[in-house]
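The structure appears right after this line, and notes come after that.
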Amino acid sequence: MSEADSQKLNVLLQGIEGLQLTQFNQRRLRADISPEALPALLALLRGRAGYVHLSAISCVDWIAEDEFELVYHLYSYETKILISAHIRIARDPGVYLSVFDIFTPAAFFERDIHEMYGVYFEGSPDMSKFILTEWQGPPPMRKDFDSEQWVMDTFNWQDYHPDWLQDIEQKGGGIVRTPESRRGEE
Amino acid sequence: MTQNELEKIEISTQPKRTNPLANVFDDLVRFCRSRSMFMLHYCTGCGAIELPPAMTSRFDMERLGIQPMVTPRQADILLITGYVSIKTLKRVILTYEQMGSPKYVIGICSCTVNGGMYWQSYATAKKLDEYLPVDLYIAGCMPRPEAVMEGMQQLMQKIKTGEADSWKKYYSHYDYYLGNQQQLFGNNWQTPTDIIGEAESYQLMGPQTLGEHTKILQQVQKPLEPLEMKL
């Protein structure tokens, strides 16, 4: 990021309260901001600084801190800089504002996050099921959802050494070296 | 009914006919059937990458009489190449039920046997033979084209001797398969194909064709409506 770019950005963003900008390298910026000020930041960056591409919204479940972290990745084709705006919202009730009115593609990302984490975005056009149309359980990407336990409760497993395998073994096939016999070799 | 009990049940194969000429004819039909198989490869996962070399000039499956086919109604083999997510499983079952009998299912890769490397995932089905009768598994992650060819030859052998009739199992034990499907998809699950009606027409009704799960199906079943055409 050149000196001029940096100065422009600083002038543009000086009105936003509580904004913390960290620069990682020439093309990566991290912005930590309060949830209330995020729509203003996005609108400013899109309208006045050429950050027209919302390339993704990602979500992190910080279960120990009882918070969700939402990260909005904005890219500018003119300065070729990626800004990641980080906010933290309370895990319960997990409700936030949609930025669909600023970036239209946000609808997809928000629908996806709603499905995977259960975060509800107010004002998003469609919060119905997206990819997991067959899923009835809790949002599966939450840290308190134990995928392994759920799988153990739901599915049956093939036997490790079923009867029909013995026929195959007599013909020279099957499991040649069991895990027990291989233990200690490595 | 557990899987072990299911495996023990033998499907009564067609008894040998008394007319020796008819036997010769039956053998001929089975031989021809085993040498002209059309394969619908439902490429669910990564195992599909081993099929192009198996089908093209390097290993040349066509010399065994196996060809890829584009529609389920014209295909004999349903090849499931890799992990089956629950969403995909719905489509696999719809495809399987559309195929004309006799039909064979081959599960390729460890994922169809036991979930494979996705065993912890909430989104993939683990044992394919709980939902469909599988004739043959080709294990491996992924199996090489040689293994695929070997499996195909075994299937051909099974067809020639008349052992490969697990498609009859789907009709005679429909209640078991439907129960497992309902467990994943909910009790409102229904397919456009009338399996019970087909079982009656093929005379393949068994003691386990109807049961508690088919009762649920008959309660919730809605008659099919023509698709709405819109521009």
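The values are calculated or read from the model by the stated rules, or taken from the named source; none is laboratory data. All of these numbers come straight from a predicted model, not from anything done at the bench. We place every Cβ from the backbone using ideal geometry, glycine too, and count neighbours over all the protein chains shown.
Do you know which residues across region A:138-158 are over 23 Å from residue A:62 (Cβ atoms), of a type outside the set (A, V, I, L, M) and at the interface with chain B (Cβ under 7 Å from one of its Cβ atoms)? Give the derivation first.
Step one: of region A:138-158, the residues over 23 Å from residue A:62 (Cβ atoms) are A:151-158.
Subset that is of a type outside the set (A, V, I, L, M): A:153-158.
Residues satisfying the conditions are A:155, A:156, A:157, A:158.
Restricting attention to helices (runs of 4 or more DSSP H) lying wholly within region B:1-60, give those where 1 or more residues are within 14 Å of chain A (Cβ to nearest Cβ) and at pLDDT below 85.
Correct list: B:3-8.
Looking only at region B:181-215, which residues are assigned to a loop (DSSP other than H, G, I, E, B), touching an Asp or Glu at 6+ places or on another chain (Cβ under 6 Å) and of a type in the set (Ser, Thr, Tyr)?
Of everything in region B:181-215, those that are assigned to a loop (DSSP other than H, G, I, E, B), touching an Asp or Glu at 6+ places or on another chain (Cβ under 6 Å) and of a type in the set (Ser, Thr, Tyr) turn out to be B:191, B:193.
Considering each of B:180, B:188 in turn, give the residue that is within 12 Å of another protein chain (Cβ to nearest Cβ), surrounded by 15 or more Cβ atoms within 10 Å (Cβ to Cβ) and out of contact with any strand residue (DSSP E or B) (no Cβ under 7 Å at 6 or more places or on another chain).
Numbers: B:188 fails: surrounded by 15 or more Cβ atoms within 10 Å (Cβ to Cβ).
The unique qualifying residue is B:180.
Please state which one of A:148, A:134 is among the acidic types (Asp, Glu) and surrounded by 12 or more Cβ atoms within 10 Å (Cβ to Cβ). I'd like the intermediate steps shown before the answer.
On the way: A:148 fails: surrounded by 12 or more Cβ atoms within 10 Å (Cβ to Cβ).
Answer to the selection: A:134.
Using the structure shown, decide if residue A:142 is modelled with pLDDT under 75 and either under 41 Å from the mean Cα position of the chain (by Cα) or over 30 Å from residue A:65 (Cβ atoms) (or both).
Values: modelled with pLDDT under 75: no; either under 41 Å from the mean Cα position of the chain (by Cα) or over 30 Å from residue A:65 (Cβ atoms) (or both): yes.
Against the criterion (modelled with pLDDT under 75 and either under 41 Å from the mean Cα position of the chain (by Cα) or over 30 Å from residue A:65 (Cβ atoms) (or both)), residue A:142 does not qualify.
When residues of region B:73-96 are filtered for being more than 27 Å from residue A:142 (Cα to Cα), assigned to a helix (DSSP H, G or I) and either acidic (Asp, Glu) or within 14 Å of chain A (Cβ to nearest Cβ) (or both), how many remain?
Going through region B:73-96 one residue at a time, the tally reaches 4.
Scan region B:133-147 and tell me whether some residue there is of a type in the set (Gly, Ala, Ser), crowded, with 18+ Cβ neighbours inside 10 Å, closer than 24 Å to residue B:75 by Cα and touching a strand residue (DSSP E or B) at 6+ places or on another chain (Cβ under 6 Å).
no
If residue B:200 meets every condition in (1) free of Cβ contacts under 8 Å to residues at least 60 places away in the same chain; (2) away from chain A (no Cβ under 14 Å); (3) buried (at least 16 other Cβ atoms within 10 Å of the Cβ) apart from one, which number is that one?
(3)
Every residue in region A:113-137 that is more than 10 Å from chain B (Cβ to nearest Cβ) and closer than 17 Å to residue A:61 by Cβ, please.
Of all residues in region A:113-137, those more than 10 Å from chain B (Cβ to nearest Cβ) come to A:113-130.
Of everything in region A:113-137, those that are more than 10 Å from chain B (Cβ to nearest Cβ) and closer than 17 Å to residue A:61 by Cβ turn out to be A:113, A:114, A:115, A:116, A:117, A:118, A:119, A:120, A:121.
Given the condition farther than 24 Å from residue B:153 by Cβ, more than 13 Å from every other protein chain (Cβ to nearest Cβ), touching a Lys or Arg at 6+ places or on another chain (Cβ under 8 Å) and not in a strand (DSSP E or B), answer yes or no: does some residue in region B:97-113 qualify? I'd like the intermediate steps shown before the answer.
Our first condition is that a residue be farther than 24 Å from residue B:153 by Cβ; within region B:97-113, this holds for B:97-98.
Right, trim to more than 13 Å from every other protein chain (Cβ to nearest Cβ) and you get B:97-98.
This time we only want the ones that are touching a Lys or Arg at 6+ places or on another chain (Cβ under 8 Å), so: B:98.
Now drop any that are not not in a strand (DSSP E or B), which leaves B:98.
Yes: region B:97-113 contains one or more residues that are farther than 24 Å from residue B:153 by Cβ, more than 13 Å from every other protein chain (Cβ to nearest Cβ), touching a Lys or Arg at 6+ places or on another chain (Cβ under 8 Å) and not in a strand (DSSP E or B).
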